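Down below is the structure, laid out as structure tokens.
The values are calculated or read from the model by the stated rules, or taken from the named source; none is laboratory data. Here the structure is a predicted model, which means the values were calculated and not measured. Here the Cβ positions follow ideal geometry from the backbone for every residue, glycine too, while neighbour counts run over all protein chains shown. In case anyone asks, the SASA skips ligands and DNA or RNA and just uses the protein heavy atoms, side chains included. Shrake-Rupley method; radii C 1.70, N 1.55, O 1.52, S 1.80 Å.
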Amino acid sequence: MANMKTLKLTQPDDWHLHLRDGAALAAVAPATEAVFARALVMPNLKPPIRNVEQAMAYRERILEVAPKLDARMTLYLMDATTPEDVIEAANHPKMIAAKLYPAGATTNSDSGVTDIEAMDPVFAAMAEHGLPLCVHGEVTHQDVDVFDREARFLNEVLNPIVARHNGLKVVLEHITTTEGVQFVQSHETNVGGTITPQHMLLNRNALFQGGLRPHHYCLPVLKRERHRAAIVDAVCGGDHRFFLGTDSAPHAKGAKESDCGCAGVYSAPNAIAFYAEVFEAAGKLENLEAFASLNGARFYGLEPNEGTITLEQVETAVAAELPFGDTVIVPFRAGGTVAWRVAN
Ligand code: NCD
Ligand code: ZN
């Protein structure tokens, strides 16, 4: 191990994370707490987190099982959300965004927004009071091809919102396309984008590699190789508008390996190692720290973390399955290996 390559980073944050609740929360939150200082916790519980009181009660449940994780919370936007709801959130230091799920776009989005234009008063209040809008950027019409839903959303929905609301900060979550990259890059300020490990490592062939692969199914769905390559170019190239958001989204093994399997990839236990693989393959390891630890904090108006972590380039086994309440979960790259690990 004398010549083992190591990389010291400011402690990273995960700006897009699903922690669920109850036994599932207890099973997954420690993996994030072990590496990340802060996490932006998504509100798509059943029922969703629709006000500050519910978010703070959820935050307490997170702290019970992951006391070192500084969970930052999001409000779930619904048709019924009012400007007062978002102003209350904007005034709470642990509430740092509201999440827009177009109704029906993804897991637990049934209560999402059905008429996005009708939300203009809410978006106006967010712009005025400085609460960023995190967006699941896909149209939901069944007549739009599933691979085109992100690009269509940007043209038809998100660009108009940004144009109508000067000063609104927007995060395009889990970017999967060249159009998503270009959308972020076409805005000098106020627009950022999160990127998952799977959308940097895999293209849509991975959904069908040797058979149907449910553990590679997430939303937005994996895209063509040219999209993956464009994401890697922009992100590893050091564009400060992109930052780490794993979208780690745990589902029980049986719910994934099913006749109608759930969308979501569980990457939290090895997430930082997967990103390190991507940056190293691009020859841009020196840009990992800004992506993982600096760009997101800057976007949200927060200081970088004070601690550090050290990555070691050691081939490390990925568990085939992990405990998940009274069932199990299959993590990203289950049973394989990853080229990096976090030093103890
Ligand atoms: C997420 C989940 O399971 O909560 N699933 C996913 O495929 N990404 C929801 C989401 O972020 O779309
Ligand atoms: Zn998500």
Checklist line | Solvent-accessible surface (1.4 angstrom probe) belonging to CYS262, in square angstrom, nearest 10 | finding: 40
Next item on the list: Based on the mean of other Cβ atoms within 10 Å per residue, sort peptides 237-250, 130-143 so the most packed one is first.
Entry: 237-250, 130-143
Note to self: Can you tell me the length gained on complete extension of the stretch GLU257 to THR310, counting 0.36 nm per residue apart and subtracting the Cα distance?
What the structure shows: 15.6 nm
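By how many nm would the segment from ARG213 to ASP79 lengthen if fully extended, with 0.36 nm per residue of separation less the alpha-carbon distance?
Net length gain for the segment: 44.8 nm.
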Item checked: ASP143 versus HIS187: modelled label distance in nm, points set 7 Å from Cα along the beta carbon direction -> 2.9
Checklist line | Projected-area mean, the chain, by convex hull of Cα positions, square nanometres | finding: 16.3
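Leaving out ligands and nucleic acids, and using a 1.4 Å probe, what accessible area per residue does the chain come to in Å²?
It amounts to 40 Å² per residue over the chain.
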Notebook entry, point to check: Helix-derived [θ] at 222 nm for the chain: sum -39500 (n - 2.57) over DSSP H runs of at least 4, divide by residue count, nearest 500?
Noted result: -8000 deg cm²/dmol
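How many percent of the accessible area of region 176-253 is carbon or sulfur, using a 1.4 Å probe?
Percent of accessible area from carbon and sulfur atoms in region 176-253: 47.
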Item checked: Estimated dipole of the chain in Debye, rounded to 20 [Cβ of Lys and Arg +1, of Asp and Glu -1, Cα centre] -> 720
Item checked: 30 Å Cα-Cα threshold exceeded, pairs from LYS5/LYS253; LYS94/LYS256; LYS99/LYS223; LYS94/LYS223 -> LYS5/LYS253; LYS94/LYS256; LYS94/LYS223
Check: Once phi is turned into θ = phi - 60°, what whole-Hz ³J(HN,Hα) does the Karplus curve with 6.51, -1.76 and 1.60 give for every residue of region 339-344, x standing for Gly and Pro?
Finding: 7, 10, 8, 8, 5, 6
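Taking 0.36 nm per residue of separation and subtracting the Cα-Cα distance, what length does fully extending ARG204 through ASN159 add?
13.6 nm
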Notebook entry, point to check: Which residue, chosen from ILE175, TYR275, ILE195, occupies the Cα position most advanced towards the positive end of the dipole of region 142-276, where the dipole is computed from +1 (Lys, Arg) and -1 (Asp, Glu) charges on Cβ about the Cα centre?
Noted result: TYR275
Checklist line | Whole-Å distance, taken between Cα centres, linking region 268-344 and region 70-140 | finding: 28
Next item on the list: Could you work out the relative contact order of region 108-214, using alpha carbon pairs under 8 angstrom and six or more residues apart, expressed as a whole percent?
Entry: 23
Margin query: I want to verify the translational diffusion coefficient of region 77-226 in µm²/s; compute it with Stokes-Einstein, Rh as the Kirkwood radius over Cα pairs, at 4 °C and 1.567 mPa s.
Written below: 80
Item checked: Charge-dipole axis of region 219-344 as Lys and Arg at +1 and Asp and Glu at -1 on Cβ define it, positive-most pick from LEU311, LEU322, TYR300 -> TYR300
Next item on the list: Count the DSSP beta bridges whose two residues both fall in the chain, then state the antiparallel fraction as a percent rounded to the nearest 5.
Entry: 30
Margin query: If the reach is capped at under 18 angstrom between alpha carbons, list the lysines near LYS8, excluding any in the same chain fewer than eight residues apart.
Written below: LYS284
Next item on the list: Taking the dipole about the Cα centre of the chain, with the C-beta of Lys and Arg at +1 and of Asp and Glu at -1, give me whichever of HIS136, ASN108, ASN344 is farthest to the positive side.
Entry: ASN344
Checklist line | Cβ-derived FRET efficiency at R0 25 Å, ARG61 paired with HIS240, nearest 0.05 | finding: 0.15
